[in-house]
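The structure appears below as C-alpha coordinates.
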Amino acid sequence: MKTFRYALAPVIASVCFALPAMAEKLSLQELSGYLNSLGTVQADFVQDNDDGSSSQGVLTLKRPGRMRLSYGGVNDPLVLGSGGQVAVFDPGSNEPPQRFPMSKTPLSLILANNVDLTRAKMVVSHTEQNGDTIVRAQDPEHPEYGSIDLVFGDRPILKAWVINDESGGSTTVQLTKMRLGGTVRDADFNIRSEARRRGTPLE
(Lines give C-alpha, C1' and ligand atoms only; values in the text may rest on other atoms or scores of the structure.)
Protein backbone atom coordinates (compact mmCIF):
# COMPACT_ATOMS: atom_id res chain seq x y z
CA MET A 1 0.00 0.00 0.00
CA LYS A 2 2.93 2.31 0.65
CA THR A 3 4.08 1.84 -2.95
CA PHE A 4 0.59 2.77 -4.10
CA ARG A 5 0.65 5.98 -2.07
CA TYR A 6 4.07 6.82 -3.45
CA ALA A 7 2.89 6.39 -6.96
CA LEU A 8 -0.32 8.27 -6.57
CA ALA A 9 1.22 10.80 -4.48
CA PRO A 10 -0.60 11.80 -7.15
CA VAL A 11 -1.54 17.61 -7.45
CA ILE A 12 -0.32 20.44 -9.42
CA ALA A 13 1.55 23.70 -8.62
CA SER A 14 2.43 26.53 -10.92
CA VAL A 15 3.89 30.00 -10.84
CA CYS A 16 3.12 32.06 -7.73
CA PHE A 17 1.08 35.20 -8.26
CA ALA A 18 0.73 38.36 -6.16
CA LEU A 19 -2.12 38.03 -3.70
CA PRO A 20 -5.04 40.42 -3.93
CA ALA A 21 -5.61 42.78 -1.04
CA MET A 22 -8.89 41.06 -0.15
CA ALA A 23 -8.90 37.55 -1.58
CA GLU A 24 -12.14 35.65 -1.89
CA LYS A 25 -12.45 31.93 -2.46
CA LEU A 26 -13.45 30.84 -5.94
CA SER A 27 -16.87 29.23 -6.31
CA LEU A 28 -17.31 25.48 -6.76
CA GLN A 29 -19.09 26.15 -10.06
CA GLU A 30 -16.12 28.13 -11.38
CA LEU A 31 -13.64 25.50 -10.24
CA SER A 32 -15.68 22.70 -11.83
CA GLY A 33 -15.77 24.61 -15.10
CA TYR A 34 -12.01 25.15 -14.98
CA LEU A 35 -11.26 21.46 -14.38
CA ASN A 36 -13.63 20.41 -17.16
CA SER A 37 -11.88 22.83 -19.53
CA LEU A 38 -8.56 21.06 -19.09
CA GLY A 39 -7.66 18.68 -21.90
CA THR A 40 -3.98 17.84 -22.07
CA VAL A 41 -1.78 19.07 -19.23
CA GLN A 42 1.95 18.58 -18.77
CA ALA A 43 3.99 19.82 -15.83
CA ASP A 44 7.07 19.14 -13.76
CA PHE A 45 6.24 17.95 -10.26
CA VAL A 46 7.79 17.62 -6.83
CA GLN A 47 6.23 15.03 -4.55
CA ASP A 48 6.54 15.15 -0.77
CA ASN A 49 5.63 12.01 1.18
CA ASP A 50 4.56 11.90 4.81
CA ASP A 51 7.65 9.86 5.73
CA GLY A 52 9.80 12.87 4.85
CA SER A 53 11.02 11.58 1.49
CA SER A 54 10.55 13.43 -1.76
CA SER A 55 10.82 12.76 -5.47
CA GLN A 56 10.30 14.57 -8.73
CA GLY A 57 9.29 13.91 -12.28
CA VAL A 58 6.91 14.84 -15.07
CA LEU A 59 3.12 14.65 -14.98
CA THR A 60 0.91 14.29 -18.03
CA LEU A 61 -2.88 14.38 -17.86
CA LYS A 62 -5.15 13.74 -20.79
CA ARG A 63 -8.69 14.20 -19.63
CA PRO A 64 -10.86 12.36 -19.28
CA GLY A 65 -9.42 9.32 -17.56
CA ARG A 66 -5.72 9.26 -18.44
CA MET A 67 -2.62 10.20 -16.49
CA ARG A 68 1.10 9.50 -16.51
CA LEU A 69 3.49 10.13 -13.61
CA SER A 70 7.07 9.56 -14.73
CA TYR A 71 9.69 9.58 -11.96
CA GLY A 72 12.75 9.56 -14.23
CA GLY A 73 13.91 7.78 -17.36
CA VAL A 74 12.26 5.10 -19.46
CA ASN A 75 13.02 2.34 -16.96
CA ASP A 76 12.44 4.29 -13.74
CA PRO A 77 9.28 4.23 -11.57
CA LEU A 78 6.14 5.05 -13.48
CA VAL A 79 2.43 5.35 -12.78
CA LEU A 80 -0.09 5.03 -15.59
CA GLY A 81 -3.81 5.58 -15.43
CA SER A 82 -6.11 4.58 -18.27
CA GLY A 83 -8.99 2.28 -19.05
CA GLY A 84 -10.35 2.68 -15.53
CA GLN A 85 -7.16 1.32 -13.94
CA VAL A 86 -4.04 2.70 -12.26
CA ALA A 87 -0.82 0.71 -12.71
CA VAL A 88 2.34 1.18 -10.62
CA PHE A 89 5.57 0.10 -12.29
CA ASP A 90 8.44 -0.69 -9.90
CA PRO A 91 11.82 -1.03 -11.67
CA GLY A 92 13.16 -3.05 -8.72
CA SER A 93 10.65 -5.82 -9.32
CA ASN A 94 10.42 -8.40 -12.06
CA GLU A 95 6.71 -8.72 -11.41
CA PRO A 96 3.91 -7.20 -13.47
CA PRO A 97 2.78 -3.75 -12.28
CA GLN A 98 0.46 -3.40 -9.32
CA ARG A 99 -2.98 -2.46 -10.58
CA PHE A 100 -5.91 -0.78 -8.85
CA PRO A 101 -9.34 0.42 -9.98
CA MET A 102 -9.08 4.14 -10.67
CA SER A 103 -12.51 4.57 -9.11
CA LYS A 104 -10.97 3.67 -5.75
CA THR A 105 -8.46 6.54 -5.89
CA PRO A 106 -9.23 10.22 -5.16
CA LEU A 107 -7.64 11.20 -8.48
CA SER A 108 -10.68 9.79 -10.24
CA LEU A 109 -12.55 12.89 -9.06
CA ILE A 110 -10.53 15.21 -11.32
CA LEU A 111 -10.07 12.75 -14.19
CA ALA A 112 -13.81 12.17 -14.53
CA ASN A 113 -15.52 13.00 -17.80
CA ASN A 114 -17.65 15.59 -15.99
CA VAL A 115 -16.28 17.11 -12.78
CA ASP A 116 -19.05 18.50 -10.59
CA LEU A 117 -17.79 19.78 -7.25
CA THR A 118 -21.31 20.95 -6.39
CA ARG A 119 -22.51 17.36 -6.17
CA ALA A 120 -24.02 16.59 -2.78
CA LYS A 121 -21.51 15.42 -0.16
CA MET A 122 -18.58 15.52 -2.60
CA VAL A 123 -16.91 18.59 -1.09
CA VAL A 124 -16.01 18.21 2.57
CA SER A 125 -14.51 21.70 2.96
CA HIS A 126 -14.16 24.83 0.82
CA THR A 127 -11.86 27.51 2.23
CA GLU A 128 -9.53 30.39 1.34
CA GLN A 129 -5.98 30.59 2.68
CA ASN A 130 -3.33 33.15 1.73
CA GLY A 131 -5.13 33.94 -1.50
CA ASP A 132 -5.60 30.32 -2.53
CA THR A 133 -8.86 28.40 -2.68
CA ILE A 134 -8.62 24.95 -1.09
CA VAL A 135 -11.22 22.28 -1.74
CA ARG A 136 -11.28 18.89 -0.03
CA ALA A 137 -13.28 16.40 -2.09
CA GLN A 138 -14.19 12.73 -1.78
CA ASP A 139 -16.36 10.14 -3.48
CA PRO A 140 -19.79 10.77 -1.90
CA GLU A 141 -20.64 7.08 -2.14
CA HIS A 142 -17.27 5.80 -0.90
CA PRO A 143 -15.61 8.21 1.55
CA GLU A 144 -13.50 5.28 2.74
CA TYR A 145 -11.44 5.60 -0.46
CA GLY A 146 -9.80 8.74 0.95
CA SER A 147 -9.94 12.35 -0.14
CA ILE A 148 -8.06 14.87 -2.23
CA ASP A 149 -7.23 18.48 -1.34
CA LEU A 150 -7.13 20.67 -4.44
CA VAL A 151 -5.27 23.98 -4.15
CA PHE A 152 -6.22 26.65 -6.68
CA GLY A 153 -4.54 29.98 -7.27
CA ASP A 154 -6.24 32.98 -8.80
CA ARG A 155 -7.69 32.94 -12.39
CA PRO A 156 -8.19 29.94 -11.41
CA ILE A 157 -5.18 27.70 -11.82
CA LEU A 158 -4.58 24.34 -10.14
CA LYS A 159 -1.44 24.68 -8.02
CA ALA A 160 -1.25 21.56 -5.89
CA TRP A 161 -3.05 18.51 -4.60
CA VAL A 162 -2.78 16.39 -1.49
CA ILE A 163 -3.88 12.76 -1.49
CA ASN A 164 -5.22 11.70 1.91
CA ASP A 165 -5.43 7.91 1.96
CA GLU A 166 -7.59 5.59 4.02
CA SER A 167 -4.76 4.79 6.44
CA GLY A 168 -4.31 8.43 7.47
CA GLY A 169 -1.23 9.14 5.34
CA SER A 170 -0.91 12.00 2.90
CA THR A 171 1.17 12.80 -0.16
CA THR A 172 1.58 16.27 -1.65
CA VAL A 173 2.31 16.96 -5.31
CA GLN A 174 3.21 20.42 -6.54
CA LEU A 175 3.64 21.24 -10.20
CA THR A 176 5.67 23.85 -11.99
CA LYS A 177 6.03 24.83 -15.64
CA MET A 178 2.47 23.81 -16.46
CA ARG A 179 1.80 23.49 -20.19
CA LEU A 180 -1.74 23.28 -21.52
CA GLY A 181 -2.73 21.75 -24.81
CA GLY A 182 -0.39 20.10 -27.26
CA THR A 183 -0.42 16.57 -28.61
CA VAL A 184 0.13 13.51 -26.43
CA ARG A 185 -0.12 10.01 -27.87
CA ASP A 186 -2.73 7.69 -26.39
CA ALA A 187 -0.03 5.00 -26.49
CA ASP A 188 1.82 6.86 -23.72
CA PHE A 189 -0.92 5.75 -21.31
CA ASN A 190 -1.20 2.12 -22.46
CA ILE A 191 -0.61 -0.09 -19.40
CA ARG A 192 -0.36 -3.36 -21.31
CA SER A 193 2.14 -2.00 -23.83
CA GLU A 194 4.33 -0.51 -21.11
CA ALA A 195 4.34 -3.80 -19.16
CA ARG A 196 5.33 -5.68 -22.31
CA ARG A 197 8.12 -3.18 -23.07
CA ARG A 198 9.53 -3.63 -19.57
CA GLY A 199 9.49 -7.40 -19.85
CA THR A 200 6.74 -7.82 -17.22
CA PRO A 201 3.67 -8.57 -19.36
CA LEU A 202 0.25 -8.66 -17.76
CA GLU A 203 -1.26 -12.07 -17.13
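The values are calculated or read from the model by the stated rules, or taken from the named source; none is laboratory data. Because the structure is a prediction, the values reported are computed rather than measured. Because the Cβ atoms are built from the backbone with ideal geometry, glycine has one as well, and the counts that use them run over all protein chains shown. Note: areas computed on protein heavy atoms with side chains; ligands, DNA, RNA excluded. Shrake-Rupley method; radii C 1.70, N 1.55, O 1.52, S 1.80 Å.
General remarks:
- Whole-Å distance, taken between Cα centres, linking the range 150-195 and the range 68-116: 11 Å
- Reach of LYS177 by Cα under 25 Å, taken over lysines that are not fewer than 8 positions away in the same chain: LYS25, LYS62, LYS159
- Protection-proxy order for peptides 152-165, 111-124, each taking the mean of Cβ atoms within 10 Å per residue, highest first: 152-165, 111-124
- For the range 178-189, 3J(HN,Hα) per residue [Karplus equation, 6.51 cos²θ - 1.76 cosθ + 1.60, θ = phi - 60°, Hz, x = Gly/Pro]: 5, 10, 9, x, x, 10, 10, 5, 4, 4, 5, 10
- Remark: the chain carries 50 Å² of accessible area per residue (probe radius 1.4 Å; ligands, DNA and RNA excluded).
- Sorting ASP50, ASP44 on solvent-accessible area from highest to lowest, probe radius 1.4 Å, gives ASP50, ASP44.
- Each of the peptides 91-97, 174-180 was scored by the mean count of other Cβ atoms within 10 Å over its residues; in descending order, highest first, they stand as 174-180, 91-97.
- Couplings for the range 102-110, taken from phi via the Karplus curve 6.51 cos²θ - 1.76 cosθ + 1.60 with θ = phi - 60°, read 4, 4, 9, 10, x, 5, 4, 5, 9 Hz in order; Gly and Pro are left as x.
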